1. Restricting attention to the stretch 128-138, which residues are surrounded by fewer than 22 Cβ atoms within 10 Å (Cβ to Cβ) and touching a residue at least 60 places away in the same chain (Cβ under 8 Å)?
2. Anything in the stretch 38-86 that is without any contact (Cβ under 8 Å) to a residue 24 or more places away in the chain and either under 25 Å from residue 152 (Cβ atoms) or under 20 Å from the mean Cα position of the chain (by Cα) (or both)? List them, or say none.
3. Does the stretch 25-42 include one or more residues that are surrounded by fewer than 16 Cβ atoms within 10 Å (Cβ to Cβ), farther than 23 Å from residue 205 by Cβ and acidic (Asp, Glu)?
4. Look through the stretch 65-81, keep the residues that are more than 19 Å from residue 36 (Cα to Cα) and β-branched (Val, Ile, Thr), and return whichever of them is modelled with the lowest pLDDT.
5. Look at residue 244 and say whether it is touching a residue at least 40 places away in the same chain (Cβ under 8 Å) and not charged (D, E, K, R).
6. Within the stretch 1-36, how many residues turn out to be out of contact with any helix residue (DSSP H, G or I) (no Cβ under 6 Å at 6 or more places or on another chain), assigned to a loop (DSSP other than H, G, I, E, B) and touching a residue at least 24 places away in the same chain (Cβ under 8 Å)?
7. Among 313, 268, which is touching a residue at least 24 places away in the same chain (Cβ under 8 Å) and either of a type in the set (Lys, Arg) or within 22 Å of residue 107 (Cα to Cα) (or both)?
8. Out of the residues in the stretch 41-87 meeting the condition of being of a type in the set (A, V, I, L, M, F, W, C) and not in a strand (DSSP E or B), tell me which one is nearest to residue 170 (Cα to Cα).
Amino acid sequence: MPLFDLPLEQLRTYRPERQEPADFDSFWAQSLTEARAHPLAARFELADFKLKTIDCYDVTFAGYDGQPVRGWFMVPHGATGPLPCVVQYIGYGGGRGYPLEWLVWPSAGYAHLVMDTRGQGSTWRHGDTPDLPTAGANPFHPGFMTQGILNPVTYYYRRVFVDAVRAVETALSHPLVDARRIAVTGGSQGGGIALAVSGLIPDVVAVAMPDVPFLCHYRRATELVDTDPYAEITRYCKIHRDKVETVFNTLSYFDGVNFAVRARARALFSVGLMDDICPPSTVFAAYNYYAGEKDIRIWSYNNHEGGGVHHQLEQLRFLAGLWG
């Protein structure tokens, strides 16, 4: 599709007014404190996928409310460490799949932890982590974007973001991982989760690589595009006309723009200027507010696929430049 958002020169300086709740920090501090009251109980079980150059482990750890979350942990075969570690989060609807789908980072010499996304993994790659029932769920539009959306305490992404922090803590618990060299990354939803984690534990995350990040600047996204997943919010508000401000108040606790101002990690973003799923202005809103040292790769003629393998090569070069 043609360019539809702001011109690039305006995107580079686009810093919309942020809607940030007064209790943003205390809300997240309490959420993490509650999760950490449960033992992490991280388990790494060697899994045989017939790979000769990579050791694969089936991972389980205690996420939100102590609930079990699955993942994969992979390292170069016979590695002795300490290794830099890339913690990766998955795009909307996808699950952890199999280690055969995640070979790039361990092949490049990194430890690599892939977190399954609770409740997802039945759209384009299978997952193994259920989203266990929680109290206070409201009627919601099919999908994940409006589950529990009338209260930040019950909102779906509270559980996901807490899981994501615990995934980093799980990686840190492994003896092969160098605690000083933790990177978080992911595309789309995974990029939004990586942003959240960078803002929630800024003293832990050394590098952030949000790729065409979702979960940023929600109101503009819903007013600019009619594509899913943001359109799930639009359709919910269309029916629940009296709940619009409640919805966006909840979403302000989960906006990547608000996490970006708290992040300190060295960052490499990406954006597709023809992206009608995560509009460029929503990505640049987070990027322009990002408080750490940063750079962005702009893919002028690409939609939500962004730079694809070209950008993955940029990420490999970026980390190699930092960590050798």
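1. Once the filter is applied, which keeps residues that are surrounded by fewer than 22 Cβ atoms within 10 Å (Cβ to Cβ) and touching a residue at least 60 places away in the same chain (Cβ under 8 Å), the stretch 128-138 yields 132, 134.
2. Passing the criteria: only 60.
3. No, the stretch 25-42 contains no residue that is surrounded by fewer than 16 Cβ atoms within 10 Å (Cβ to Cβ), farther than 23 Å from residue 205 by Cβ and acidic (Asp, Glu).
4. The extreme case among them is 80.
5. Spelling it out, it is not the case that residue 244 is touching a residue at least 40 places away in the same chain (Cβ under 8 Å) and not charged (D, E, K, R).
6. Total meeting the criteria: 6.
7. On inspection, the qualifying residue turns out to be 268.
8. 42
The values are calculated or read from the model by the stated rules, or taken from the named source; none is laboratory data. From a predicted model like this one, the values you see are computed outputs, not experimental measurements. Please note: Cβ atoms are built from the backbone with ideal geometry, for glycine as well, and neighbour counts cover all protein chains shown.
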